1. Ordered by residue, what ³J(HN,Hα) values in Hz, to whole numbers, does the range B:67-78 give under the Karplus form 6.51 cos²θ - 1.76 cosθ + 1.60, where θ = phi - 60° and Gly and Pro are x?
2. Residue farthest toward the positive end of the dipole of chain B, with Cβ of Lys/Arg at +1 and Asp/Glu at -1: which of B:ASN47, B:TYR83, B:ILE146?
3. Report relative contact order for chain A in percent, whole number only (criteria: Cα-Cα under 8 Å, sequence separation at least 6).
4. Given the DSSP H assignment, sum -39500 (n - 2.57) over each helix run of at least 4 residues in chain A and divide by its residue total; what's the result at 222 nm in deg cm²/dmol, nearest 500?
5. Which angle between 0 and 90 degrees, to the nearest 10, do you get for helix A:50-65 versus the longest principal axis of chain A when only C-alpha atoms count?
6. Magnitude of the Cβ-charge dipole of the range A:164-240, K/R +1 and D/E -1, about the Cα centre, nearest 20 debye?
7. Mind checking A:105-118 for the average number of partner chain beta-carbons within 10 Å of each residue's beta-carbon?
8. Given a cut-off of under 8 Å on Cα pairs at least six residues apart, what relative contact order in percent is computed for chain B?
Amino acid sequence: MLTFLVLQGIALWMFFRFNRFHRTVFLGVANELTGSINSQVDKVDDYFRLREENRRVHRMNDSLLNLLKTNYNFPDTGLQVVVDSLKFDTLKTEYRRYVYRDAKVVYNSVNFENNYLQLSRGANNGVRDNMAVINSDGAIVGVVINVSPNFSQVMGLLHTKSRVPAMMKTSLAAGTIRWDAADPRFLTLDGISKDVEINKGDSVLTSRYSYNYPPGFLIGTIAEVKVDQATGFYLLKVRSATDFTSIQQVFVVENLQREEQLQLNTDTENILNQDRR
Amino acid sequence: MSDLIKNIFRLAIFILVQVYVLNKIPHLHRFIIPYLYFVFILWLPFNTPRLSLLFIGFITGLTLDYFKLTPGLHTAACVLIAYIRPFIIGILISKEVTELTFHEPSPRGMGWTQYMIYAFILTLLHHTYLVLLEWLQFGSFLDFLIKVGSTTAVSMLLITTVELMFPRSLKYRTNTA
């Protein structure tokens, strides 16, 4: 009886602690172990999703090819392309904000209320907590919540605790993306008031005001528009741009200015607190 | 094969099947979540000491938890059914069966009716506790009730299938899912 209570106690303590902080005993060691098994199984699993993955990579290449300078002709022959040299001078007028690293998904589920992914890159490859994860075609997948030396765990959009700052592509109205744990193809968008015009099929992008996610990446498209009469806000159903059943290769995005932004935040709060005396 | 080695293999197979087959099946419906791994605890021999039963339950749950990244969730449910198991066996089955004739719970040894009642009670307990813990974090009460019912039904279906497909001949060798 006593042993039962003790073991129950340990289990429940782990459960509630993990829900709050996403940390638990031996998680690093366990992560390495499950990661090595997962990556073996994944070698086989990959073959079933190659077609989807190929299509995504091709689409991404297509969008990048279209950005090339050589695609554009200038009708006026007197006009020349002049590269602004100021950008490259020693005064360093531009700062890099986002760094992309490639990674391989080795484990992934969609059947639960809280779904996690495991990536085959960890602290040794520069992956840290709170980095955003995007799919091979640039759609949002989730955010890194825990890293071990060679693997990392990602909280996907299909997680009841996932909150992603989002904006509408046309009106730039800001809201929050959640998941209601019902259907892995659909997400919910909250916090947009009904005076903004929204149509079925509109794109939902990541917000410019996020610390983790790079702005302007596709989250999904509006699938259903309803208005909550009580609050005057929309109840929007969003079809996820990422097919969570067939994720294979992803990019981990690091915001190089994240620390600075957070520091500024805490500093501002400190100043406000001082004034209140 | 000794009991120890046999059960270590069983645990490995149950966990691998749960993680790489059942957890990966395409999404059918939010209420249909197939669980089978806890049958490992149902299948442990009758003469397992209660203390080791608890620790085995703890390890089983924890292994799955680390794969699914839900530390403590399945552990708590497994420890609960490992604790309740001896009481259920005490009520349902005569001493003669448990101590002399048969080695571990199985439909052949106990009879289908008794075995299914035994499996049903523990499955229901496991799922109720599991879904309760999840529900504390998220969801409505109606969701909770439906989910307990549906997951239990799916698990019972799986258990029946496994018992029919792999009848364990108790003396000679082991067949696992």
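1. Going residue by residue, I get 5, 8, 6, 10, x, x, 5, 6, 4, 4, 5, 5 Hz, with x marking Gly and Pro.
2. Checking the options against the dipole of chain B, the answer is B:ASN47.
3. Details: 487 pairs, mean separation 49.2, N = 277.
RCO, chain A: 18 percent.
4. Values: 4 runs with 73 residues, N = 277.
Rounded to the nearest 500, it is -9000 deg cm²/dmol.
5. On a 0 to 90 degree scale, this one is about 30.
6. Details: 9 positive and 8 negative charges, 37 e Å.
The calculation lands at about 180 debye.
7. On the way: counts 0, 0, 7, 2, 8, 5, 12, 8, 11, 7, 3, 4, 1, 2.
Across A:105-118, the average partner-chain Cβ count within 10 Å equals 5.
8. On the way: 177 pairs, mean separation 46.5, N = 177.
Across chain B, relative contact order equals 26 percent.
None of the figures in this text is laboratory data; all of them are computed from the coordinates on show. Here the structure is a predicted model, which means the values were calculated and not measured. Please note: Cβ atoms are built from the backbone with ideal geometry, for glycine as well, and neighbour counts cover all protein chains shown.
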